[in-house]
There are 2 protein chains.
Amino acid sequence: MLDQTHLRNGLLRDPEAVGVYGRGATFDRVLTGLNAAITGLEAAAQPVMLRFPPVLGRRTIERCGYLHTFPHLLATAYSFEGNSRAHAEFVEAAESGNDWSPFQRMTDVVLTPAACYAVYPHLSGALPEAGVMVDVESWCFRQELSSTPERMRAFRMREFVRLGKPDEVRSWRDAWLERAQEFLNSLGLAPSLAPANDPFFGDSAAFLKASQQEQELKFELSVGVLDGVRAATISCNYHLDHFGSMFDIRLGADSAAHSGCVAFGLERLTLALFFAHGQNLSTWPAAVLDLLQLAHA
Amino acid sequence: MLDQTHLRNGLLRDPEAVGVYGRGATFDRVLTGLNAAITGLEAAAQPVMLRFPPVLGRRTIERCGYLHTFPHLLATAYSFEGNSRAHAEFVEAAESGNDWSPFQRMTDVVLTPAACYAVYPHLSGALPEAGVMVDVESWCFRQELSSTPERMRAFRMREFVRLGKPDEVRSWRDAWLERAQEFLNSLGLAPSLAPANDPFFGDSAAFLKASQQEQELKFELSVGVLDGVRAATISCNYHLDHFGSMFDIRLGADSAAHSGCVAFGLERLTLALFFAHGQNLSTWPAAVLDLLQLAHA
């Protein structure tokens, strides 16, 4: 039976899938408050708000180049195809603990690996002179078989995505390096800023990493999330014209828009808040509760 | 470029995946208000709140019997496995528009087809005398290739799940047939109640449907969602001891708990609200806005 005390405050391991967790009421409440605080950070810019489901067209993720960089993290949805006879064999295979895969076919969707990929196909064409900012969130999935909660396979990512002129996007991203540190400090988390250390796949990994670092494309802010564990919770990214060119997002007559994004790992930030301030919300600093709109905890 | 008016009020088709939609700000706001109103319906019972990710252990869905009844709706997550050479072939296949599947292996997770399946594995063991009620929500996915928005492949399902003695669970479910109608009426939607008409798969479909109807296990409340289209938005279910027996959820020494659930299709209900009251929230009936906590629209 449920340990309700544990449940209301924490995470619940899926007994059949490593790194997959349910969330109790308090965890969800803190995450909701955190999400509201993030909204406040760009409220003045009045971003276009979009919310996407946890799946995305497979063709979009191919166009984004994800198969080149992180093929090992991507999950693709497959479904059963066949008649009643195939169905009987399919069920028998599953119930005998055998491989289902002979009965399944690849569908047209993947599990979203990062929230902003869903945005770019909708921006094709000419942007207004001032560019655009989008506020996006979705559940994400990455096939990392780790049993530590800061590497959940399924988690929510919130992002602000800025598209516009190169200098505007880059300076917005650079300003966010400061703003993200201030935000984490105001939550009582002590961030450290460093160039990203992405787990690129295969023979090109060293080259991709060096190139990313040399061009200063991605920075991460890490905080303590568990005893002895620090993890990246916010990343600040500049994509050059990668997405603008691929999805024909234009500024003016024919120059491709540049893009950047700031991405918040909502579950990791929530874990960090519990780690920093304890399991009992009533003992959290008043300023943190205010910021998270949890004043009446 | 985004049609922002459309975006802020409506749905955004994934250009690469039929039946997959993004949501704009107003759609999301109405859905959030609706979800809060649903919370109020069982607040007095103080259900245990659980929130699950959009994936679930594959073994759990096998144990629930889903492969017998709806194998065609289930999506399973596959991921790439292989070395750098396999990776190069994988990327080449994808970029040539060829089948990726030779490079992928089945993982241990499926895309959740209904929210309550994630709950039962956590309830194994002896329940308290009074049973338990759980408030659960997750994104769900069903492989139905339809281009009408009321048959989204990815959508959110909210459920109350009641476990306990047979007569308690059944009378709770029966009472919900009335309560659900009242709730829909209060939202200005005109519901019709009917036995469910589930799309069971294959040769056993007629038998499963007749059995479900004869035992009065599932009822659906349908409302108008689009011109000329009515769709089931709430279902009221009695599972007998199906899940109690399968997951060893007990009442007293050894009798399996019975279970039932009331499930709300959040996107369909949101579509129905826009269909009934129009695209402009400021013209919606005040009582409906109050109920959705959107009084200041």
B:GLU178 label points, 7 Å along Cα→Cβ, one per copy: pairwise distances from this copy to the rest in nm, shortest first?
6.4
Toy charge model, Lys and Arg Cβ at +1, Asp and Glu Cβ at -1: chain A dipole around Cα centroid in debye, rounded to 20, equals 280
Across B:211-221, the residue-averaged tally of Cβ atoms belonging to other chains within 10 Å stands at 0
Starting from the Cα of B:LEU177, step 7 Å along the direction of its Cβ; do the same at A:ASP167; then give the gap between the two resulting points in nm.
7.1
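How high is the relative contact order of the stretch B:167-297, in percent, counting Cα pairs under 8 Å that sit 6 or more residues apart?
Computed value for the stretch B:167-297: 24 percent relative contact order.
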Copies compared at B:ALA86 - label distances in nm, ascending, label defined 7 Å from Cα in the Cβ direction
2.4
Determine, for A:VAL288, A:VAL262, the number of other Cβ atoms within 10 Å of each Cβ, and report the residues in order from fewest to most.
A:VAL288, A:VAL262
Would you please give the FRET efficiency between A:GLU92 and A:LEU208, computed as 1/(1 + (r/R0)^6) with r the Cβ-Cβ distance and R0 = 45 Å, to the nearest 0.05?
0.55
For the stretch A:168-234, what relative contact order do you get, as a whole percent, if you take Cα pairs closer than 8 Å and at least 6 residues apart?
29
DSSP beta bridges in chain B, what fraction antiparallel, as a percent rounded to 5?
90
Which residue, A:GLY164, A:GLY82, A:GLY260, tops the fluctuation ranking in a GNM of chain A built on C-alpha contacts under 10 Å?
A:GLY82
For chain B, what is the relative contact order in percent, using Cα pairs closer than 8 Å and at least 6 residues apart in sequence?
20
Pick from B:ALA126, B:ALA118, B:ALA180: which is most flexible by mean-square fluctuation in a GNM of chain B where alpha carbon atoms under 10 Å apart are linked?
B:ALA126
Estimated FRET transfer efficiency when R0 is 51 angstrom, pair B:VAL18-A:VAL229 (beta carbons, to 0.05):
0.75
Counting only helical runs of four or more DSSP H residues, what would the 222 nm mean residue ellipticity of chain B come to if each run contributes -39,500 (n - 2.57) and the total is spread over all its residues?
-9500 deg cm²/dmol
List the equivalent ellipsoid semi-axes of the protein assembly as shown in whole Å, largest first, each obtained as the square root of 5λ for an eigenvalue λ of the Cα gyration tensor.
37, 28, 26
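Would you mind giving the mean number of other chain beta-carbons within 10 Å of the Cβ of each residue in A:98-104, as a whole number?
Partner-chain Cβ atoms within 10 Å, mean over residues of A:98-104: 4.
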Three-way shape label, the stretch A:6-136, alpha-carbon gyration tensor, a/c 1.5:
oblate
What number, in nm² with one decimal, is the all-direction average of the projected area of the convex hull of the alpha-carbon atoms of the stretch A:104-252?
11.3
Nearest-5 percent of antiparallel DSSP beta bridges in the protein assembly as shown?
90
If each label sits 7 angstrom from Cα along the C-beta direction, how far apart, in nm, is B:ALA45 from its counterparts in the other copies?
4.4
So which lysines pass the test for A:LYS165, namely a Cα distance under 24 Å, with those fewer than 8 places away in the same chain ruled out?
A:LYS218
Magnitude of the Cβ-charge dipole of the stretch B:215-297, K/R +1 and D/E -1, about the Cα centre, nearest 20 debye?
180
Dipole of chain A, positive end: most advanced residue of A:MET49, A:TRP284, A:PRO199 [Cβ charges, Cα centre]
A:TRP284
Near the axis that takes chain B to chain A, which B residue has its beta carbon closest, and at how many Å?
B:PRO54, 2
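How big is the shadow of the Cα convex hull of chain B, averaged over all directions, in nm²?
Projected area, direction-averaged: 18.6 nm².
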In peptide A:81-92, how many Cβ atoms from other protein chains are near each Cβ within 10 Å, on average?
3
Net charge of Cβ neighbours under 15 Å - reference B:GLY164; Lys, Arg +1; Asp, Glu -1
-1
With bins 10 Å wide starting at 0, give me the P(r) of the stretch B:165-287 over every alpha carbon pair, in whole percents.
13, 34, 31, 16, 6, 1
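Readers should treat all values here as calculations from the given coordinates under stated rules, not as data from a laboratory. Everything numeric in this text was worked out from a predicted model, so none of it was measured. Don't worry about glycine lacking a Cβ; one is built from the backbone with ideal geometry, like all the others, and counts go over all protein chains shown.
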